[in-house]
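Asks: Please find one structure pasted underneath; my questions will follow.
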């Protein structure tokens, strides 16, 4: 500290702000201007401000209404074929016309939603339940259990989803050739779920590894909480956000995967009304060049639904962004 | 450091207004701040987090976060207004005329690039040197920043550097282009005190030598007063007081500055409660414990009688197994080596040391969260590691509770404050719902929080409030011992002072015994009775607080004491 200048240089003289203009507040007062808000509530508030959420929610809502009450949109029977009307263009009451077999294209698109959405929904539930259970156990308990689960997950992860499901389904087809509509859906769900769970396992495991080292886990241990209650009460709930985001996006992807399998003729049997089957049936129209429109209806519905879920996943991901949550 | 009186200031900030955009609203962050920095001078901006000190500094180099905008005022750099200047003009200034030493050395170096390459980038970007010349210059700069063996260090990656070394590398980078002004934004708050002192000493001598003006941003008034010629105190976005550093410290006029001066741990010198009160607390605690012990003597799961010593560690040792160079091979790393101490009932024992000294590992072993490799921890004469039954372990949990360092991580973000404090009661099946609620209100009152906090969530509370909640949770089971693991280290000085006062009051009221883990000797003086100084896993000095401060035996302890910023400045009282 120099003693050379007794007087500070210009602009650095002693300055004191008027005290009444800079009132002092109590340190650490509680801001009660807004009602209490949990993280989920806050994320929900964020979500509601996002137009992407409203667009995707509207799309999904429309699809769900179609699934639950197809009768609202058409009173035609999707399983009634009239070969005499094969490939007839649209006419009144039949806006999409008829396909090669003489089915009403629009009615089939409406009724096809049920199988597609059901497969997507059930597969996602299966994958999330399996993934969280395995991922949480592997990440939380560690050791040989972790090695075992992680290696098994790696093996399944290495097999491409569609290829694995293809093989799996052909095995099921051979063993249970007659399994009905619901049985067919369960078979596709099983096949997709079997090769889809490692993705969630990995995400859940990573998240659990992060959460389990946080101080509130130690605090709970010091209270005397058992490992299991710690896992169920603290670790898993705090690991959910990224799992939810992935699950939302993958719902759309599983719907597409089902359609792909059905298109290849190995997913849902032809007796089941589904977008994949209809796209498969309509592919001949591309080759012949006749009435390509038949293809666009189920394909458009498929794209619309998948897009809805993928957009929702995007919006949810923004709302649950862990970076935003940290402070 | 002689400053010619009549010169143009390097930096002049006039009535600066900065706001952050939130939706369509503008939230003011800096309101009419003015300050001047003369060539070769060190000017410090002091304030708590949220005071606008960093925002002011970042406005100078146009590094405000995306939503920040300058809404008024002028920033004159060598007489030229740069507040509204074009992006390209500011880019030309950045690095070459104004250097920056950022806050966190851990995240401000690219982990994939060699340290030398990153400094070279600064040279090349500012057209100082290229090719071989630049390589040579990098080594010189690193040497200048005080890194030994600079030539090989330049070829290393950031992960091979310690925190202090990284900060030196960042200083080398900030000074690479010989700027006229260096902005140092909390340059050492992430470092240990001893490293902090070394770095600041070095920065001081280097900037003196080069004639670089320094704008130092810090929350530590002691540090600012020690290093700066001129102090600017900011509070809620406004400059509340400024002037020559020593004058401000010895004669603070604004109530906020007064509060800062009285709270700074480095400047305070006394135990918060008097010697006589301390003895009373201790006797009371021993007596109460004896009474309780008599009452429950018939229970076999309770712990022994009210002895003087509540916790005793004997020869605690912990080895961690590190993976070796080849698969399957491993080496042992001794984190804690033969640590023994006694915690007397109703008193506070502090364990002090730098990061990596093993102090937190000791705390975790005492808590029973980590198994010791060898040695024992006795609670009221009972070895906690021999407790086998669930019932006994739960009984121990009720006696010993922790409060951790990071107020942002020590509460489950998904739990309301009510649920967080209720958790220990629920786990131990204490009381009915109604009784628990009364108890929680009571606990919140004890830690001076309004009952309205109950329904809130951790993300809505400030750091200090969360730490109060963590203390309330620790007290829910009416423990005898509370283990405070760096419990105040992450808090602003003012909040820190509040929490320390609270801890002291609670100790007097409830007869608690504290094991206080910290890296900050200044805080120790305010709260502890006895001190354990740890270095590299070993205890190097054990004694009472006054002995350590008045006549430290060990060289290492002396170094820790010297490192307390502002300790040498006399206060007018």
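Nothing in this text is a laboratory measurement; each read-out follows from the coordinates by a stated rule. Quick caveat, the model's predicted, so the values are computed rather than measured. All Cβ positions, even for glycine, are placed from backbone atoms using ideal geometry, and neighbour counts span all protein chains on display.
Asks: Residue B:88 to residue B:15: FRET efficiency via 1/(1 + (r/R0)^6), r the Cβ-Cβ distance, R0 25 Å, to the nearest 0.05?
Replies: Details: r = 26 Å, r/R0 = 1.03.
After rounding, the FRET efficiency stands at 0.45.
Asks: Give me the Kirkwood hydrodynamic radius of the range B:332-437 in Å, from all C-alpha pairs, to one decimal place? Before the final figure, lay out each step's value.
Replies: On the way: mean 1/r = 0.0610 Å⁻¹.
After inverting the pairwise mean of 1/r, the radius is 16.4 Å.
Asks: Taking the number of other C-beta atoms within 10 Å as the exposure measure, put B:434, B:318, B:446 in order starting with the fewest. Each step should come with its number before you reach the end.
Replies: Values: B:434 8, B:318 22, B:446 17.
Neighbour counts put them in this order, fewest first: B:434, B:446, B:318.
Asks: Tell me the relative contact order for chain A as a rounded percent, counting alpha carbon contacts under 8 Å between residues six or more apart. Write down the numbers at each step before the final one.
Replies: Working: 403 pairs, mean separation 74.7, N = 327.
This gives 23 percent for chain A.
Asks: Mind putting together the pair-distance distribution for the range A:108-150? All Cα pairs, 5 Å bins, whole percent per bin, short to long.
Replies: Here the calculated profile for the range A:108-150 is 5, 22, 16, 13, 11, 10, 8, 7, 5, 3, 0.
Asks: Just want the ordering: B:320, B:77, B:341, from fewest to most Cβ atoms lying within 10 Å of their own Cβ.
Replies: Values: B:320 13, B:77 23, B:341 19.
Fewest-to-most ranking of B:320, B:77, B:341: B:320, B:341, B:77.
Asks: With the radius of gyration and the Kirkwood radius both derived from the Cα set of the range B:1-145, what is their ratio Rg to Rh?
Replies: Numbers: Rg = 17.4 Å, Rh = 17.3 Å.
Dividing the radius of gyration by the Kirkwood radius yields 1.00.
Asks: Can you give me the Rg/Rh ratio for the protein assembly as shown, using Cα atoms for both radii and the Kirkwood formula for Rh? Let's see the in-between values first.
Replies: On the way: Rg = 33.6 Å, Rh = 32.1 Å.
When Rh is taken as the Kirkwood radius, the ratio is 1.05.
Asks: Okay, next question. What does the convex hull of the alpha-carbon atoms of the range B:87-179 project to on average, in nm²?
Replies: On the way: hull surface 22.6 nm².
For the range B:87-179, the mean projected area of the Cα convex hull comes to 5.7 nm².
Asks: Determine the shielding of peptide A:224-230 by partner chains: average, over its residues, the number of Cβ atoms on other chains within 10 angstrom of each Cβ.
Replies: Numbers: counts 12, 6, 2, 0, 0, 3, 0.
Mean number of neighbouring Cβ atoms from other chains: 3.
Asks: Need one value for B:233-244: mean number of C-beta atoms belonging to other chains within 10 Å of its residues' C-beta atoms.
Replies: Numbers: counts 3, 0, 5, 4, 1, 3, 4, 8, 6, 8, 6, 8.
Mean partner-chain Cβ count within 10 Å for B:233-244: 5.
Asks: With both partners inside the protein assembly as shown, how many of the DSSP beta bridges are antiparallel, as a percent to the nearest 5?
Replies: On the way: 54 of 91 bridges.
Of the beta bridges lying entirely in the protein assembly as shown, close to 60 percent run antiparallel.
Asks: Rank these for me by crowding, A:227, B:87, going from fewest to most other beta carbons within 10 Å. Before the final figure, lay out each step's value.
Replies: Numbers: A:227 12, B:87 8.
If I rank by nearby Cβ atoms, fewest first, I get B:87, A:227.
Asks: Obtain the nm distance between the two label points defined at residue B:382 and residue B:331 by a simple spin-label model: each point lies 7 Å from its Cα along the Cα-to-C-beta direction.
Replies: 4.2
Asks: For the range B:208-252, take N as its residue count and report Rg(C-alpha) divided by 2.2 N^0.38 Å.
Replies: Details: Rg = 11.1 Å, N = 45, 2.2 N^0.38 = 9.3 Å.
So the Cα radius of gyration is 1.19 times the expected 2.2 N^0.38 Å.
Asks: When every alpha-carbon pair in the range B:137-187 is counted, what percent end up more than 16 Å apart?
Replies: Working: 457 of 1275 pairs.
Here the long-distance tail beyond 16 Å is 36 percent of all Cα pairs in the range B:137-187.
Asks: Which distance in nm do the two modelled labels at residue A:25 and residue A:321 give, with both placed 7 Å along the Cα-to-Cβ direction?
Replies: Result for the modelled spin labels: 2.6 nm.
Asks: Please figure out what share of the DSSP beta bridges in the range B:435-573 is antiparallel and state it in percent, rounded to the nearest 5.
Replies: Details: 6 of 11 bridges.
The antiparallel proportion sits near 55 percent.
Asks: Report the calculated FRET efficiency for residue A:88 and residue A:65 (r = Cβ-Cβ distance, R0 = 25 Å), to the nearest 0.05. If you can, show how the numbers build up before the last one.
Replies: Details: r = 28 Å, r/R0 = 1.13.
The calculated FRET efficiency here is 0.35.
Asks: Which FRET efficiency, nearest 0.05, do residue A:148 and residue A:48 yield, Cβ-Cβ r, R0 25 Å?
Replies: On the way: r = 43 Å, r/R0 = 1.71.
My answer for the efficiency is 0.05.
Asks: Then there's this: What nm distance separates the two modelled labels at residue B:124 and residue B:322, each placed 7 Å from Cα along Cα→Cβ?
Replies: Calculated label separation equals 3.4 nm.
Asks: Need one number for the range A:227-327: average projected area of the convex hull over its C-alpha atoms, nm².
Replies: Values: hull surface 38.0 nm².
Over all viewing directions, the range A:227-327 projects a mean Cα-hull area of 9.5 nm².
Asks: Between 0 and 90 degrees, rounded to the nearest ten: what's the tilt of helix B:131-144 against the longest Cα principal axis of chain B?
Replies: 50
Asks: Here's a follow-up. Nearest 10 degrees is fine. How inclined is helix B:493-510 to the longest principal axis of chain B, computing both from alpha carbons?
Replies: So the helix axis and the longest Cα principal axis differ by about 10 degrees.
Asks: Follow-up. Expressed as an acute angle from 0 to 90° and rounded to the nearest 10, what is the orientation of the C-alpha long axis of helix A:105-141 relative to the principal long axis of chain A?
Replies: 40
Asks: For residue B:544 and residue B:448, calculate 0.36 nm times their separation in residues minus their Cα-Cα distance, and state this gained length in nm to one decimal.
Replies: Details: separation 96, 0.36 × 96 = 34.56 nm, distance 3.04 nm.
So the extension gain works out to 31.5 nm.
Asks: So what is the relative contact order of the range B:397-528, in percent, for Cα pairs below 8 Å that sit 6 or more residues apart? Write down the numbers at each step before the final one.
Replies: Values: 177 pairs, mean separation 45.5, N = 132.
That works out to 34 percent.
Asks: By how many nm would the segment from residue A:13 to residue A:101 lengthen if fully extended, with 0.36 nm per residue of separation less the alpha-carbon distance? All intermediate terms of the calculation are to be shown ahead of the outcome.
Replies: Numbers: separation 88, 0.36 × 88 = 31.68 nm, distance 9.36 nm.
Computed gain between residue A:13 and residue A:101 is 22.3 nm.
Asks: Roughly how large, in nm² to one decimal, is the mean projection of the convex hull of the alpha-carbon atoms in chain B? Kindly include the intermediate steps, with their values, before the conclusion.
Replies: Working: hull surface 120.0 nm².
Convex hull of Cα atoms, orientation-averaged projection: 30.0 nm².
Asks: Would you mind calculating the relative contact order of the range B:327-445 from Cα pairs under 8 angstrom and at least 6 residues apart, reporting the percent as a whole number?
Replies: Normalised by residue count, the contact order of the range B:327-445 is 13 percent.
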